[in-house]
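What follows is a set of notes on a single structure, which appears directly below.
The values are calculated or read from the model by the stated rules, or taken from the named source; none is laboratory data. Worth saying up front: this structure is predicted, and the values here are computed from it rather than measured. Positions of Cβ are generated from backbone atoms using ideal geometry, with glycine treated the same way; all protein chains shown enter the neighbour counts.
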């Protein structure tokens, strides 16, 4: 699955900050809500519930908070680079600075797993994390994510 089908340039956010993990989830919900025409409270509660089952911090400073959202018809993804790393209860205890928010309709769980696998593989491409962390703009991040070497990894 090509990264350009997962992440769109207008859904890359740089410099977001929050006091803690749950304030961050609220901020992510607030960013997604108007784009989906869904209440930020509905999104936040779904994200909060998912995090209560176990952290979505997957290691290397990356988290993939995700939740099923009633009423949406397509998977929605935001890529966020935080202003500074924050504690996220990640599996490796490394503070998180890169997030891929995924909001999923009930009927798209199979596609969601393919997208999650593509994100994980892309983040393992040599130099990818450094390119994202040093990019000066969302366009630079999008280019890094969608280069031929990274953007079309097999699922």
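Residues to consider are 28, 19, 101; find the one that is modelled with pLDDT under 95 and under 30 Å from residue 136 (Cβ atoms). Steps first, answer last, please.
On the way: 28 fails: modelled with pLDDT under 95; 101 fails: modelled with pLDDT under 95.
Exactly one residue qualifies, and that residue is 19.
I need the full set of residues from region 15-29 which are in contact (Cβ under 8 Å) with a residue 12 or more places away in the chain and surrounded by 12 or more Cβ atoms within 10 Å (Cβ to Cβ), in order please. Listed by number, the residues that qualify are 16, 18, 21, 22, 24, 25, 26, 28, 29. The set of residues in region 77-99 being in contact with a strand residue (DSSP E or B) (Cβ under 7 Å, 6 or more places away or on another chain) and without any contact (Cβ under 8 Å) to a residue 60 or more places away in the chain consists of 85, 90, 91, 92, 94, 95, 96, 97, 98.
In the set 43, 12, 72, which member is under 27 Å from residue 130 (Cβ atoms) and surrounded by 13 or more Cβ atoms within 10 Å (Cβ to Cβ)? Even if it seems obvious, please write down each step before you answer.
On the way: 43 fails: under 27 Å from residue 130 (Cβ atoms); 72 fails: under 27 Å from residue 130 (Cβ atoms).
Result: 12 is the single residue among 43, 12, 72 that is under 27 Å from residue 130 (Cβ atoms) and surrounded by 13 or more Cβ atoms within 10 Å (Cβ to Cβ).
Residues of region 31-67 that are touching a strand residue (DSSP E or B) at 6+ places or on another chain (Cβ under 9 Å) and on the phi > 0 side of the Ramachandran plot: 60, 61.
Going through region 81-107 one residue at a time, which ones are farther than 11 Å from residue 64 by Cβ and crowded, with 17+ Cβ neighbours inside 10 Å?
The first filter runs over region 81-107 and keeps only residues farther than 11 Å from residue 64 by Cβ, leaving 81-87, 89, 91-95, 97, 103-107.
Once the filter is applied, which keeps residues that are farther than 11 Å from residue 64 by Cβ and crowded, with 17+ Cβ neighbours inside 10 Å, region 81-107 yields 81, 82, 86, 97, 103, 104, 105.
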